[in-house]
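Reading through the structure tokens given below for one structure.
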Amino acid sequence: MAEVKLIGFWASPFSDRVIWALKLKGVNYEYVEEDPYNKTQLLLQHNPVHKKVPVLIHGGKSIPESSIILEYIEETWPQNPLLPQDAYHRAMARFWIKFGEEKMATICSVFKTAGAEQEKAIEEATEQLKIIEEKGLGDKKFFGGGGIGLIDIAFGWLAYLYEVVEEVSAVKVLDAGTFPRLHAWIQNFKEVPVIKESLPNHQKLLEHLKRRREIHLALSNCLD
Amino acid sequence: MKMAKENNVKLHGMWASPYVKRVEIALKIKGIPYEFVEEDLVNKSQLLLQYNPVHKKVPVLIHNGKPICESLVILEYIDETWKNGPPLLPQDPYKRAKVRFWTSFVEKELFENLLLVARSEGEAQEKAIKVVFEKLQLLEEGLKDLFQGETYHIDGETMGILDIVLCSLFGAHEAQEEVLGVKFIDPEKFPLVCSWVTALTEVTAVKELRPPHEKLVAVLQFIRQRALQASAA
């Protein structure tokens with residue numbers, strides 16, 4: 001079996017998605033930690049266009065972009081399928097994965113803002129989360145149905161990263177009262193054994209994001 | 001074995017939308033008969049809002065009553081559902097990943113920035129133009145890698161999702177040059193991209209679906225004027 005290597009960053013939700021998919025499929029891989037603020041030659045060699053993590057290297061072939069990596073993993077290791085079999089439900093899955101990626105910046109904009117701007121950010125984040133809960137998740141246990149799948153993996157950042165974003169930004173958006181179904185999904189998601197054992201350390205994430213928010217706000221103040 | 005009448009395909013779209021064009025090209029390449037439903041995007045129909053409640057946009061493909069939204073999602077759905085026609089994606093997972101990578105690149109890096117060029121003027125536009133040239137350079141280099149090693153070739157009649165998306169962006173490059181006054185598809189700067197776009201515009205399905213030049217110029221001018229007025233307000 002050809003060697004599998006993953007270049008990732010411990011705090012990146014895009015990196016985590018790939019780890020979860022590999023683990024759910026029982027694929028052995030070597031993990032290489034990359035500091036995105038100090039990029040190595042290895043990363044630049046394997047992702048020359050975007051210079052970002054994660055990058056999967058399988059038998060010497062490089063695959064960048066987490067959503068593309070997820071589809072590659074699904075096609076290469078068909079055991080424990082993470083996408084439905086029929087084309088219509090696969091299309092639904094891809095629709096929601098795309099939606100989540102497009103709206104991530106809006107949902108996380110509370111992190112980059114303060115004051116009145118942040119109030120607006122909370123409203124916009126709430127609006128997108130409502131769509132995700134009502135139309136994406138609905139009354140299902142997982143986004144894909146009874147078991148964890150690619151949509152859940154793609155939205156995984158909502159289950160562990162977002163609460164850190166909220167804490168650091170001193171806001172509460174995704175509260176149990178407003179989003180009971182998403183909250184239930186978060187609990188179910190975190191209980192999946194592969195996920196439970198793979199989540200990054202909460203305290204470490206908190207410190208990391210605190211630093212990033214400080215830097216970001218300081219820069220925005222300079223640019224005003 | 002499904003009977004022909006069970007394959008009822010409707011496409012809700014708008015004649016000038018490049019996203020809709022992608023789906024039309026794919027349906028034609030695959031030889032799938034469909035009914036085109038023209039939507040008024042200023043006065044959206046109840047049907048459209050029902051079929052695409054999340055984005056309220058075209059294109060929407062309705063296959064036997066089930067709606068599928070988002071052009072790239074629709075293209076993959078078409079490829080997975082109609083296996084008889086020419087494939088829109090290669091079989092090999094690594095080649096599929098490469099095609100999806102460059103399709104995503106064209107969609108996010110080129111499409112978005114070209115829209116910016118169309119909607120801006122002065123310094124903002126110059127900046128956007130510079131970005132498009134940078135992205136085209138990256139695509140030009142990426143094509144050298146794609147075209148060698150047999151991942152890719154243009155045979156004149158079939159198209160895959162990357163061809164379709166690139167064509168939906170630059171197929172109308174002559175209209176873009178006329179309205180924006182910038183030549184992006186430049187054979188000297190980007191010989192591979194240019195020869196590829198030119199070959200794609202000659203594919204029968206593309207020729208049959210291309211609106212007249214004057215209409216494309218008019219719609220692009222309209223989009224530009226409206227955007228410039230909105231930003232001036």
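The values are calculated or read from the model by the stated rules, or taken from the named source; none is laboratory data. Every value quoted in this text rests on a predicted model; they were computed, and no experiment measured them. Cβ: placed from backbone, ideal geometry, glycine included. Neighbour counts: every protein chain shown. Calculation scope for accessible area: heavy atoms of the full protein, side chains included, ligands and nucleic acids excluded. Shrake-Rupley method; radii C 1.70, N 1.55, O 1.52, S 1.80 Å.
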(request) Hey, can you tell me all the residues within region B:59-105 that are more than 7 Å from every other protein chain (Cβ to nearest Cβ), among the aliphatic types (A, V, I, L, M), within 18 Å of the chain's Cα centre (by Cα) and open to solvent by less than 20 Å² (accessible area, probe 1.4 Å)? (result) B:Val60, B:Leu61, B:Ile74, B:Leu75, B:Ile78, B:Leu88, B:Leu89, B:Val99
(request) Working carefully through the options A:Val53, A:Val32, find the one that is surrounded by 15 or more Cβ atoms within 10 Å (Cβ to Cβ) and either facing chain B (nearest Cβ under 10 Å) or more than 13 Å from the chain's Cα centre (by Cα) (or both). (result) A:Val32
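Per-residue answers, yes or no, for (1) more than 10 Å from every other protein chain (Cβ to nearest Cβ); (2) assigned to a helix (DSSP H, G or I); (3) under 18 Å from A:Leu137 (Cβ atoms):
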residue: A:Ile63; (1), (2), (3): no, no, no
residue: A:Pro84; (1), (2), (3): yes, no, yes
residue: A:Met92; (1), (2), (3): no, yes, yes
residue: A:Phe95; (1), (2), (3): no, yes, yes
residue: A:Gly100; (1), (2), (3): yes, yes, yes
(message) Against the definition (in a loop (DSSP other than H, G, I, E, B) and away from chain B (no Cβ under 12 Å)), how does A:Ile122 come out, yes or no?
(response) no
(message) When you scan region B:188-198, do you find a residue that is loosely packed, with under 12 Cβ neighbours inside 10 Å, closer than 19 Å to B:Glu141 by Cα and of a type in the set (Asp, Glu), even just one?
(response) yes
(request) Restrict the check to region B:59-71 and report whether at least one residue is of a type in the set (Asp, Glu), on the phi > 0 side of the Ramachandran plot and outside any helix (DSSP H, G or I). (result) yes
